[in-house]
1. Can you work out which of the residues in the range 267-279 that are part of a helix (DSSP H, G or I) and at pLDDT below 90 is least open to solvent (accessible area, probe 1.4 Å)?
2. Residues that are modelled with pLDDT of 90 or more and open to solvent by 20 Å² or more (accessible area, probe 1.4 Å): does the range 73-85 have at least one?
3. Let me confirm something: among Pro36, Pro24, which residue is over 22 Å from the mean Cα position of the chain (by Cα) and at pLDDT 80 or above?
4. Filter the range 34-47 for residues that are open to solvent by less than 70 Å² (accessible area, probe 1.4 Å) and part of a helix (DSSP H, G or I) and give the result.
5. Considering only residues of the range 178-195 that are surrounded by 17 or more Cβ atoms within 10 Å (Cβ to Cβ) and more than 20 Å from Asn215 (Cα to Cα), which is modelled with the highest pLDDT?
6. Please determine, by comparing only the residues of the range 11-27 that are in contact (Cβ under 8 Å) with a residue 24 or more places away in the chain and among the hydrophobic types (A, V, I, L, M, F, W, C), which one is surrounded by the fewest Cβ atoms within 10 Å (Cβ to Cβ).
7. Output the residues belonging to the range 188-209 that are within 14 Å of Met1 (Cα to Cα) and in contact (Cβ under 8 Å) with a residue 24 or more places away in the chain.
8. Within the range 134-154, can one find any residue that is in a helix (DSSP H, G or I) and open to solvent by less than 60 Å² (accessible area, probe 1.4 Å)?
Amino acid sequence: MQTFRNGLIAGLKTTWTLGKIIFPITILLVILQHTPVLPWIVKLIAPFMGLFGLSGEAAIPLVLGNALNLYAGIAGILSLELTVKEVFILAVMLSFAHNMFIETGVALKVGVKLWVVLVVRFGLAAFSGIIINLFWKGGSEIAKYGIAPEVAAVPDGWLEIGLLGLQKASFGVLQLALIVIPLMIVVQYLKDRNYLQKFSEKLAPFTRIIGVQPNASMTLVAGLVIGLAYGAGVMIQAVQEDGVSKKDATLAFIFLVACHAVVEDTLIFVPLGIPILPLLIIRLVTAFLLTIAVAYYWKQAERKREKEVTVLNG
C-alpha cells in the first residue's frame, strides 16, 4: 500500500510539473495555428528547403511537426503530393526534431541546457536532410499514402479557437496523467523490490559504451520506450533521487534526442509508404555515434582541466 501511495504521489507531482509546460504551450500553439504567424514562418523558411532536396511547400509539415508534434507533421505530409524521397527526408528530419516547445521544456526540467537541446535537435535534422539528399539517388516516384488526413472543422471566431485550445490542452494533460501515474506506480514497485538496481546492473555494459553511468539506465529505457515527454517522469525522478549527474543527464538526453519512442515514432510513419527499417537504423546508429563522440570529447576536456588544476596547485 505504501508503494502504491508513494508511486501515486510521484505520478501526480510529475503530471503537475509537466502539465504546467504542456497546458499553456498547447493553448498558445492552437491560437497561433489560426493566425498569420505559422503561415509567415512557413513562408520564411520555404526558400531554404532546397538544401534538403525538398520543395518549398514541404516547410508546412516541418513547421507543424516542430511546433506541435509528429502527428501534426504527418498530417501536413498527407496534405501534399511529395516523392518517396521527400517523404523519407521529412520523416528522418521530424524524427530528430519535433514537438520542440514541450520536449525542450521537459529537457530543461531534467537539467539539460537549452543550447544543447536546440543545437543537437536542429543540427541532426538539418545534417540528416542534407546527407540523405546528397547520397540517395532513388525515391523519385510519388509517395502513395495508406491513410487520408483527418479533416477537422475550422473553428469560427476567437471564442471557438480558445475553446479548442482549452480542449486540446486539457486532453493533453489528461493523456499525460493516464500514462505517467501508472508508470510511476510501477517504477516505485520496481524500486522498492530492488528490481531497478538489478536492471541497472544488466544494462551497465550498454551504458558504458555511450559513456553514461549505470544509474541513468532507467532514464534511457523510459525515453527509448515511451518518449521524451511521457518518459520525463522517470527521467526527472532519476535525476532527483538516483544521483544522476548533469553530465549523464545531458548524455542520456543527447542519445534520446536521436532515438526515443522507437516503437511508436517508427510505426506512425508506416502509412506514408516509406521504408521504415532504414529510418530506425539511422536513428539508432546516430544515437550511438553522437553520444559516444560527445562523451569522449567531454572526458578529454575534463582531463585537460584536471591537468591545468594540478599544474596550478603544483
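1. Top of the filtered list is Leu272.
2. Checked against the condition, which is being modelled with pLDDT of 90 or more and open to solvent by 20 Å² or more (accessible area, probe 1.4 Å), the range 73-85 yields at least one hit.
3. Exactly one residue qualifies, and that residue is Pro36.
4. Val37, Leu38, Ile41, Val42, Ile45, Ala46
5. Per the stated criteria, the residue is Ile181.
6. Leu12
7. Gln188, Tyr189, Asp192
8. For the range 134-154, residues in a helix (DSSP H, G or I) and open to solvent by less than 60 Å² (accessible area, probe 1.4 Å): absent.
The values are calculated or read from the model by the stated rules, or taken from the named source; none is laboratory data. What you are looking at is a predicted structure, and each value in this text was computed from that prediction instead of being measured. Note that each Cβ is placed from the backbone with ideal geometry, even for glycine, and that neighbours are counted across all protein chains shown. Just the protein is used for accessible areas: all its heavy atoms, side chains included, with ligands, DNA and RNA removed. Shrake-Rupley method; radii C 1.70, N 1.55, O 1.52, S 1.80 Å.
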